[in-house]
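A short reminder: the numbers here are calculations on the coordinates, not readings from a lab. Note that the structure is a prediction, hence the values are computed from the model and not measured. Every residue, glycine among them, receives a Cβ derived from its backbone with ideal geometry; neighbour counts consider all protein chains shown.
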Amino acid sequence: MKISIITAVLNGAQAIGATLESVREQDYPDIEHIVVDGASSDDTLAVVGQSVSRVSTVVSERDAGVYDAINRGIGLATGEVILCLHAGDTYQHAGVLSRIAQEFADPALDMVFAELVMTDPINRDRVYRHYATPDFTPSDFARGLMPAHPTLAVRRRVYDTHGRYDPAFKIAGDFEFFVRTMLVGKVASRYLPEVIVRMPLGGLSNRHWWVPITTTFELNRACMRHDVNTSWLRLLFRIILKWQTSVVR
């Protein structure tokens, strides 16, 4: 079973090397690594070109944001199972993709999600947050909660049946995708109770103080679209609930 990894990047010359190395070190043999660059103005493409990696496809062109970039990667992917690993993110160990493949040996399973840790961008051994959702159910969408998207592995037929990411969402496109597939589409999913991704702090969702407010607007829009009964207060309260699901070490 071929596994496709999509890495979306924009001006990530300082970060993408660790991601390329992480994918290269995976012990799973049948990997397709696709890099979707948003027309970076730094040395991102040079780093990709000079690295010893498992990258099979590189595209570089302007896009409409990260979800548009992911969609382009999905369009290029030929694997049965597709994951996203953005520039700077790394896998927890060399056997992550083999572990994912074991889960997808179940032909009825369409999605797998797991745990991640958020680290210091310089000292990657320093963990600030451990994000785990062992008790997650689709009813939690009404509270603005969702599984850790960087850990999500999706069988190709899910995108064929339920569609890709909506680029009209700039921050919460992953949330809308989860609601559309897990709640509305009732896609068969499974929680993997282990850390599989390490993500340095500083990503799109935690870059500026106003991001939680903007995110709340998008969460509400996604809930309204799919008739999820919620409120602004419940969605804002997710900030506290998300930290209750975290373990800081």
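Key figures
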| item | result |
| --- | --- |
| Neighbourhood net charge (10 Å Cβ-Cβ; Lys/Arg +1, Asp/Glu -1) for Asn11 | -3 |
| Beta bridges by DSSP in segment 3-244, antiparallel share as percent, to the nearest 5 | 30 |
| Between helix 211-225 and the chain: long-axis angle, C-alpha atoms, 0 to 90°, nearest 10 | 70 |
| Leading residue at positive end of dipole, the chain (Cβ point charges), from Ala69, Tyr128, Leu152 | Tyr128 |
| Between segment 101-117 and segment 1-41, the Cα center-to-center distance that results, in Å | 20 |
| 0 to 90° range, to nearest 10: angle between helix 66-76 axis and the chain longest Cα axis | 60 |
| Unit charges on C-beta of K, R, D, E only; dipole of the chain, Debye | 640 |
| Under the Karplus curve 6.51 cos²θ - 1.76 cosθ + 1.60, θ = phi - 60°, whole-Hz ³J(HN,Hα) for segment 196-202, x wherever Gly or Pro sits | 10, 10, 10, 10, x, 4, x |
| q = 0.08, 0.10, 0.13 Å⁻¹: log10 I(q)/I(0) that the Debye formula gives for the chain, counting C-alpha atoms only | -0.28, -0.45, -0.79 |
| Over the chain: helical MRE at 222 nm, DSSP H runs n ≥ 4 each giving -39500 (n - 2.57), nearest 500 | -8000 deg cm²/dmol |
| Alpha carbon convex hull of segment 115-216, projected area averaged over orientations, nm² | 7.2 |
